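The structure appears below as structure tokens.
The values are calculated or read from the model by the stated rules, or taken from the named source; none is laboratory data. This structure is a prediction, so every number in the text was calculated from the model and none was measured. As a convention, Cβ positions derive from the backbone with ideal geometry for all residues, glycine included, and neighbour counts pool all protein chains shown.
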Amino acid sequence: MIEYLQILGEEVYKIIFFIVPILVSVAMIVWLDRRVWGLVQKRRGPNVVGPFGLFQTLADALKYIFKEIIIPASANRIVFILAPIVTMTLALVAWAVIPMSESLVLADINVGVLYLFAVSSLGVYGIIMGGWASNSKYPFLGAIRSAAQMVSYEVSIGIIIINVLLCVGSLNLNDIVIAQKELWYVIPLFPMFVIFFISALAETNRPPFDLPEAEAELVAGYQTEYSGMMYAMFWLGEYANILLMCAMGSILFLGGWLPILDIYPLNIIPAPIWMITKILFLFLLFALIKAIVPRYRYDQLMRLGWKIFLPFSLIYLVLTASFLFYFDKLPKVNI
Amino acid sequence: MIIHSIFFYFFSVIAIFSSLMVITSRSTINSVFFLILDFISVGCLFIMVGAEFLGMILLIVYVGAVAVLFLFVVMMLNVAEQKQSWFIGKKSTHIPTGLIVSVLILLELLVVVGGWKYKENVMSSSSLIISETSNTHQLGLVMYTDYILYFQLAGIVLLLAMIGAILLTFRERVGVKKQSYINQISRNPSTAVELVETKSNQGVKIDD
């Protein structure tokens, strides 16, 4: 029992050392997002609080903490309070399996990819719960839209993951990274990478697919009735999810913590720095897309997900499998 | 091992409690939320046994997709009133059907659990943990070789069910404007722009 408590204490220590940097980087990423958005539109973006406006998000968070939390009279109180907690928790829980280097990972489990996929598919509950519990029409419409959107795009993300798994032969995230030592999967599976990126945009409700919170139609979607810290939790959860999608993309396609080339000056740079660079690169793409692309219409969104991405990724799956089978490159399982 | 059993009882108590709440709670939405809790705790039990693949698939398929659709239906339709009428209303026509189904399920469970008791080495959960390959590999090796026919048949049954559901609910709506991307892209100035002579004090009638 005492041994167990010791292990538990160690784990808690590790978890805190993993979670705190993620929360800080979420704050920084929000700043980066707004900054890039501003620069694209020839504005300055947040530049007042701290050097280059770096502390803008912290100031915002402080403001949210001191704001009053208003719970609508007709809302379902328990579900209403639970919704932002669910969103935030699920966004952070998924980071347990993300390997920052071969050893720097909280839980190196066998089914890492499935775990990531499961947790990201649970993310829809926070939104549905928030939208329904608010008991108001805009949040409800936003929640319904968002749920339909996330469920639709999960399907193609699942098939894209199967594409990668076929080449790796393991569900462990570290194995997936190590299998890309010769060649990053972004090269042979480039179309899948593009589709994954676009589906990740839809999965995290980012522009051009931010229909659940389209301000011209739905005020702020499922967040309309939320205020103060509860709104901030939705917001943090959303950005943690975006970072998670970037991490997932870099593990599946960009070689995770591997250096670009395995040659002298590049491979002495520690693995976590490579991982962070790749996540930041993908996030920069997210931010640019937000700034330069107009919003989709809802039927176009559904058409893109079901009629284009799904068939295309299925065909590509068959092609990948046939290629691997024909050239006898299927990963071997040692039994 | 004590820790293991503490966790086992923790998750199983949650599972049993939430499954009771699914059938007893008055609000339909709460029922669905408890159903989700039930799925999650059963998934945790699967993972504890060492069947991590099954646990994760349970989470992805049931919690991530099926329960979302449940929530959808419950939120969109007014199921809450129906449930109220089941409890309070006089004509509860669903009870005989429900009874038949539950008796059947009880019999099936008796057969399965009884068979397990009768011949203990039919399937021991410990064999999953001891073997060296992960149970994902094991499942794959068995499913796509020995049981390929059943696997494919199950897939075809699901496909047929899907097509059937679509056919049953499909209705062609008239008077709806549909966007045709091919027509849009293949338009050029000569087909898109039309010059209309208008007389003064008279509008133009455009038929589409």
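For the stretch A:151-158, check the following and say yes or no: at least one residue is within 12 Å of chain B (Cβ to nearest Cβ), at pLDDT below 85 and within 21 Å of A:ILE198 (Cβ to Cβ). There is at least one residue in the stretch A:151-158 that is within 12 Å of chain B (Cβ to nearest Cβ), at pLDDT below 85 and within 21 Å of A:ILE198 (Cβ to Cβ).
Against the test of being within 14 Å of chain A (Cβ to nearest Cβ) and either at pLDDT 85 or above or surrounded by 11 or more Cβ atoms within 10 Å (Cβ to Cβ) (or both), the options B:SER31, B:SER19 yield a single qualifying residue, B:SER31. A:LEU104 falls short on exactly one of the conditions (1) in a helix (DSSP H, G or I); (2) closer than 22 Å to A:ILE242 by Cβ, and that condition is (1). For A:MET302, the conditions (1) within 14 Å of another protein chain (Cβ to nearest Cβ); (2) outside any helix (DSSP H, G or I); (3) of a type in the set (A, V, I, L, M) all hold with the exception of (2).
Where helices (runs of 4 or more DSSP H) sit wholly within the stretch B:117-177, those with at least 3 residues that are modelled with pLDDT of 90 or more and more than 21 Å from A:ASN110 (Cβ to Cβ) occupy B:148-169. Residue check: B:ARG26 meets all listed conditions (1) more than 10 Å from chain A (Cβ to nearest Cβ); (2) part of a helix (DSSP H, G or I) but one, namely (2).
Residues that are in a loop (DSSP other than H, G, I, E, B), surrounded by fewer than 20 Cβ atoms within 10 Å (Cβ to Cβ) and acidic (Asp, Glu) do occur in the stretch A:175-183, at least one of them. Listed here are the helices (runs of 4 or more DSSP H) enclosed by the stretch A:197-297 that have at least 3 residues being more than 22 Å from A:VAL124 (Cα to Cα), modelled with pLDDT of 85 or more and over 17 Å from the mean Cα position of the chain (by Cα): A:271-292.
Scan the stretch A:73-92 and give yes if some residue there is touching a Phe, Trp or Tyr at 6+ places or on another chain (Cβ under 6 Å), in contact (Cβ under 8 Å) with a residue 24 or more places away in the chain and within 25 Å of B:VAL61 (Cβ to Cβ), otherwise no. Yes, because at least one residue in the stretch A:73-92 is touching a Phe, Trp or Tyr at 6+ places or on another chain (Cβ under 6 Å), in contact (Cβ under 8 Å) with a residue 24 or more places away in the chain and within 25 Å of B:VAL61 (Cβ to Cβ).
Screening the candidates A:ILE98, A:ILE65 for the property of being crowded, with 22+ Cβ neighbours inside 10 Å and under 20 Å from A:ALA240 (Cβ atoms) yields one hit, A:ILE98. Regarding A:ASN135, is this residue over 18 Å from the mean Cα position of the chain (by Cα), among the polar types (S, T, N, Q) and either surrounded by 23 or more Cβ atoms within 10 Å (Cβ to Cβ) or within 9 Å of chain B (Cβ to nearest Cβ) (or both)? Judged against the criteria, A:ASN135 is not a match. Against the test of being hydrophobic (A, V, I, L, M, F, W, C) and within 14 Å of chain B (Cβ to nearest Cβ), the options A:LEU92, A:LEU104, A:LEU166 yield a single qualifying residue, A:LEU166.
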